[in-house]
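One structure below.
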Amino acid sequence: MTDTYLYDRQINKNTDYNVWMAFPECEAFSLSSLGFMWLFKGLDEDDNINVERVCTDTKYTKINEKDVDAICFSFSFDMDFVNIFKILEKHSIPLKSVEREHYPFVFAGGPVVTANPVPYKDFFDFIIIGDGDFCNSDILKICRENRDKSKDEVLDILSKIEGVYVPSKIKKGDKVNKSHCGLSECIYTPILSANSFFSDTFIIEISRGCYNRCGFCVASYLNLPVRFVDYETIISNIDMGLQYTNKIALLGALISAHPRFNDICDYIYNKIQSGVDIKMSVSSLRADAIKPFVIKTLKAAGQKNTTIAIEAASERLRKVINKNLSESQIFDAVRVAREGGLHGIKIYSMLGLPTETQEDIDEFIRLGKDLKLANKGFGITFSFSTFVPKPHTPFQWCERDSIKTLETKQNYLKKELHKIGIKSKFSSPKWDYYQTLLSRGDGSLTDYLIEVYKQGAKLGAYKSAAKKYSIDTDKFATNSFDINQELPWDFICINPGKEFLKNEYNSLINY
């Protein structure tokens, strides 16, 4: 089955500048990554660039690896480094940038390297900090127009561009500003494919950023200021997408905060009522956004379940993390979902948050019991992750519970929730431990990461590699940081800035 392109492709280009857009996962996942596909669209429309998507399961490339001028990696999850190494090694490209003088430019962008690029600085020639929407083409234009110069000369030019971090050019005291753009255009799925993880789904970004600023949420702080696509543009693009598919998904950190979210729901509901077959899904909603008109729209669009995030069961702890959500709002959300005809609700929560006590954990059992009693026959599932302190958040300085402590908490909750008939799911404290290591790591991890990759990147590899290179993983993964110490990522300037984060930390942690 052929893919459907929702833009005019430039097939026969009069250029010999070749780029691989590389996604460190299988093709099905890449086709569902809105940011990656939108950047690919931009380059595919550029008359001066031949671009090809490359994934972990790409068997053959149209652009020969010897003819590639630049490779751009999407870096969205901490463990992506493993598949980035796999793609480079598959094409006989050295992992370290110092060994690639006569190889293509290798660079990356995405939330992981925007938040903290330091653990990966030796693997990329340069890194895009912030939104890549507008600077990807500009950067490659510079690379193309200066291809007669040495790689070092081109990197010198790139180092002067806002939002571009060139590790080999940075000096002590230098700062790199995050690039950001408005949402004057609406980012949507540019290629519909049955091979996508979200098969033939037209995903549309209606907002970026989040007002709530939960103390642990890197997505919120990295994407400030909050931006919204205007209503008319959203509707126009929904209508365009419906010409090709009946599956629509609305994307954003907090889509319900869109000033015209009600109108968007009404528009979709009215189209369904007029006979248009629409299957719609939305990213997680705030509990206080679960209103009858929202559920009515989701139900009409074929949804059977919805998701809310409460993070903590006790109001005290929700106030500590800046999750301004009352228990009555949680109960109202579940009730409205049930009365609106949905079959169930998933409740995202978190264990190991700063200041958490046994009483806070017991509140999950009490809350689950009360919710179940008030909503008989309605499916309720708790899904727990563990707290991972992230750069550029107020909780970046906080300690993390040990693996053993978190496993004890999980086993306790699993047993007690099972007793009252509540389903529960838990992330792995061991994997979350190493995610924290990568999130808060520094330049000492270079050879460690290579060794982890060489040993197969299973859990045992992370521990074995640390022993080989004498890496104190607890230093990054579980220890707290002094609020006045210099952190590896402090040279990355992201609004609202470190002093603001300090004030947020002090006000929240001492609540």
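Brief remarks on what is shown
- Here Tyr244 clears all of (1) under 30 Å from Ile321 (Cα atoms); (2) in contact with a Phe, Trp or Tyr (Cβ under 8 Å, 6 or more places away or on another chain) except the condition numbered (1).
- Which listed residue, of Glu399, Glu356, Glu363, is among the acidic types (Asp, Glu), more than 30 Å from Gln485 (Cα to Cα) and assigned by TED's automatic domain parsing to the domain that holds Asn305: Glu363
- Just one of the listed residues (Glu185, Glu232) is under 29 Å from Ser159 (Cα atoms) and surrounded by fewer than 16 Cβ atoms within 10 Å (Cβ to Cβ), and it is Glu185.
- In the set Lys409, Lys425, Lys414, only one residue is part of a strand (DSSP E or B), under 30 Å from Lys376 (Cβ atoms), at pLDDT 95 or above and charged (D, E, K, R); that residue is Lys425.
- Region 345-379 - residue that is among the small types (Gly, Ala, Ser) and modelled with pLDDT of 95 or more and, of those, surrounded by the fewest Cβ atoms within 10 Å (Cβ to Cβ): Ala374
- When region 251-280 is filtered for residues that are closer than 30 Å to Cys493 by Cα and touching a residue at least 40 places away in the same chain (Cβ under 8 Å), the ones remaining, listed by number, are Leu251, Gly252, Ala253, Leu254, Ile255, Ala257, His258.
- Just one of (1) surrounded by 18 or more Cβ atoms within 10 Å (Cβ to Cβ); (2) part of a loop (DSSP other than H, G, I, E, B) fails for Asn479. It is (1).
- Selection status of Leu39, crowded, with 22+ Cβ neighbours inside 10 Å, in contact (Cβ under 8 Å) with a residue 12 or more places away in the chain and under 19 Å from Asp200 (Cβ atoms): no
- Filtered residues of region 9-36 (kept if assigned to a loop (DSSP other than H, G, I, E, B) and surrounded by 16 or more Cβ atoms within 10 Å (Cβ to Cβ)): Gln10, Tyr17, Pro24, Glu25, Leu31, Ser32, Ser33
- Unique match (being touching a strand residue (DSSP E or B) at 6+ places or on another chain (Cβ under 6 Å) and farther than 23 Å from Ile345 by Cβ) among Asp401, Asp442, Asp432, Asp447: Asp432
- Among the candidates Glu145, Glu101, the residue that is surrounded by fewer than 18 Cβ atoms within 10 Å (Cβ to Cβ) and within 30 Å of Lys454 (Cβ to Cβ) is uniquely Glu101.
- Taken over region 311-331, the criterion of being surrounded by fewer than 20 Cβ atoms within 10 Å (Cβ to Cβ) and either assigned to a loop (DSSP other than H, G, I, E, B) or among the charged types (D, E, K, R) (or both) is satisfied by Ser314, Glu315, Arg316, Lys319, Asn324, Ser326, Glu327.
- Only residues that are of a type outside the set (A, V, I, L, M, F, W, C) and in a helix (DSSP H, G or I) were counted across region 120-169, and they come to 14.
- Against the numbered list (1) outside the structural domain of Ile248 (by TED's automatic domain parsing); (2) within 25 Å of Cys55 (Cβ to Cβ); (3) acidic (Asp, Glu), Glu153 comes up short only at (2).
- Residue match in region 157-169 (condition: surrounded by 18 or more Cβ atoms within 10 Å (Cβ to Cβ) and among the charged types (D, E, K, R)): no
- Residues in region 453-468 that are touching a residue at least 24 places away in the same chain (Cβ under 8 Å) and surrounded by 15 or more Cβ atoms within 10 Å (Cβ to Cβ): Tyr453, Ala457, Tyr462.
The values are calculated or read from the model by the stated rules, or taken from the named source; none is laboratory data. Since we're looking at a predicted model, the values are computed, not measured. Because the Cβ atoms are built from the backbone with ideal geometry, glycine has one as well, and the counts that use them run over all protein chains shown.
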